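So the structure is just underneath, and the comments pick up after that.
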Amino acid sequence: MKLTGKRTSYLILLIIIIVLGAWMMVNKLQGPELAVYRIQSKPLVQTVVATGRVTSGSRAQVGAQISGVIAERLVREGDDVQAGDVLAVLHDNEQLARVREAQAALAELRESSKPQADATLRQAEARFEQSSREAQRRKDLLQRKLISHEAVEQAVEQETEARAALEQAKFAAEMLAAGYPSDVAASERLAAARAALEKTIVRAQVSGTVLTRNAEPGDVVQPGRVLFEIARAGQTELLVPVDERNLSVLGLEQTALCVTDAYPDRPFSATLSFIAPAVDPERGSIDIRLQLEAIPDFLRQDMTVTVNIETGRRERALVVPNDVLDDIDGNSAHVWKVSNGRLQRTKVKIGLRGMGQTEITNGLVNGDLIIANIDSALEDGRRVRTREDDVTLPTKVTDAATARETPVKFE
């Protein structure tokens, strides 16, 4: 039977429909095509990344101990000072006057009053010796009945008066002697006046670097006002607030790689040396301090620095991206694995965890295929087709919200 052109067209169309239907049927039987990851073992490093600042282990705030007017300022920001160095000087006219007054009082005591008291004592001793001899002489004359009792009594009375005068002179001389109340009081007044004069000099209490100055000649200052802030020498460290979610993976002596915003091409090392005992409830963060192994010459106080703290390491580990994990409960979760062309909801145990990737310790083996994108259409046992082209495990977290502080990051 000979086919006409019209019948030929119908036949071709029918064949196309049959082929398309067969193709659709095959696709339906094979299931949808899904992107997958092929799990592979590789080295894994877990890190906490956060941003903080350079600070000193301690900072000394220096101020004047007395009220006054600044006469001279001798340092400025960035100057290195030693303990005892003069930072500023106050006008000292009043204190100098008090020192001179106390010096004059002590000099009068020791050079005038004390010599006079000593001379009076010597005179009293001489009169007492004379009156004692006279009283004894008259007693001898009375025994020979050469004088009357009245004459003896007068001599004894004079002796008693001389003894009283001697005791008084001794007491007066002792009160003016070194170490006794009058001398001590005068010496203390002079020491107090000199101490007040010394307080007109503002000195550094520690060796270090001057960070701030709030003093200029002519300024009126009061006790308690901070004039200078000094970073203690040799104690530079990093102060970094870290999200409290990272607390479980942080530990003392962990190493960190640090980079400053100002010198990103000059990284340096540090060691975690302190974890604060309390969490800041307002920020939900905990402060940590890192000790520098060697202080770079370009480092400045309060400089912004990003730290990458190594909190865990595996030489070989099975790693999956966090977005493939479902129903996370403690150290267990579920993933969608493709086995023999069918979906299989698989329970896994997880190890090191982070914002980017998580270690699988049980439930998967090297080479397994897992679904890259979880959605509600996935069904256990459903047939699927896989697509691996250009699908690789992510190595960096790109969420803009965590660009400055990634609670846990894998590289």
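The values are calculated or read from the model by the stated rules, or taken from the named source; none is laboratory data. In this text the structure is predicted, and so the values were computed from the model without any measurement. Heads up, the Cβs are rebuilt from the backbone with ideal geometry, glycines too, and the neighbour counts pull from every protein chain shown.
Figures for the structure shown
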quantity	calculated
Given (1) part of a loop (DSSP other than H, G, I, E, B); (2) modelled with pLDDT of 80 or more, index of the condition I328 fails	(1)
Breaking point among (1) surrounded by fewer than 14 Cβ atoms within 10 Å (Cβ to Cβ); (2) farther than 25 Å from N93 by Cβ, for N214	(2)
Strands (runs of 3 or more DSSP E) wholly inside region 361-411 containing at least 2 residues that are surrounded by 15 or more Cβ atoms within 10 Å (Cβ to Cβ), at pLDDT 75 or above and in contact with a helix residue (DSSP H, G or I) (Cβ under 7 Å, 6 or more places away or on another chain)	369-371
Candidates L252, L257, filtered to the one that is assigned to a strand (DSSP E or B) and at pLDDT 90 or above	L257
Every residue from region 262-299 that is under 16 Å from V240 (Cα atoms) and of a type in the set (S, T, Y)	S269, T271, S273, S285
Positions within region 125-167 being among the β-branched types (V, I, T) and in a helix (DSSP H, G or I), in sequence order	V152, V156, T160
Output for region 78-88, where each listed residue is surrounded by fewer than 18 Cβ atoms within 10 Å (Cβ to Cβ) and either outside the structural domain of G218 (by TED's automatic domain parsing) or within 13 Å of R213 (Cβ to Cβ) (or both)	G78, D79
Check on D302, in contact with a Lys or Arg (Cβ under 6 Å, 6 or more places away or on another chain) and exposed (fewer than 15 other Cβ atoms within 10 Å of the Cβ)	yes
T311 vs. criteria assigned to a strand (DSSP E or B), in contact (Cβ under 8 Å) with a residue 60 or more places away in the chain and either aromatic (F, W, Y) or in the same structural domain as T47 (by TED's automatic domain parsing) (or both)	yes
Options E72, E77: the member that is touching a strand residue (DSSP E or B) at 6+ places or on another chain (Cβ under 8 Å), over 18 Å from I201 (Cβ atoms) and acidic (D, E)	E77
Strands (runs of 3 or more DSSP E) wholly inside region 4-77 that include at least 1 residues being among the aromatic types (F, W, Y) and either modelled with pLDDT of 80 or more or in the same structural domain as N373 (by TED's automatic domain parsing) (or both)	33-38
Odd one out for N246, checked against (1) modelled with pLDDT under 90; (2) crowded, with 18+ Cβ neighbours inside 10 Å; (3) part of a strand (DSSP E or B)	(3)
Condition broken by L239, with the remaining ones in (1) outside the structural domain of Q301 (by TED's automatic domain parsing); (2) closer than 27 Å to R300 by Cα satisfied	(1)
Conditions (1) more than 25 Å from R313 (Cβ to Cβ); (2) in a loop (DSSP other than H, G, I, E, B); (3) not acidic (D, E); number of the one not met by A195	(2)
Within region 74-89, tally of residues that are of a type outside the set (G, A, S) and under 13 Å from V220 (Cα atoms)	1
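Results for (1) within 37 Å of the chain's Cα centre (by Cα); (2) modelled with pLDDT of 90 or more; (3) not in a strand (DSSP E or B), shown as yes or no for each residue.
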{"residue": "A278", "(1), (2), (3)": "yes, yes, yes"}
{"residue": "I286", "(1), (2), (3)": "yes, yes, no"}
{"residue": "D297", "(1), (2), (3)": "yes, no, yes"}
{"residue": "V338", "(1), (2), (3)": "no, no, no"}
{"residue": "Q344", "(1), (2), (3)": "no, no, no"}
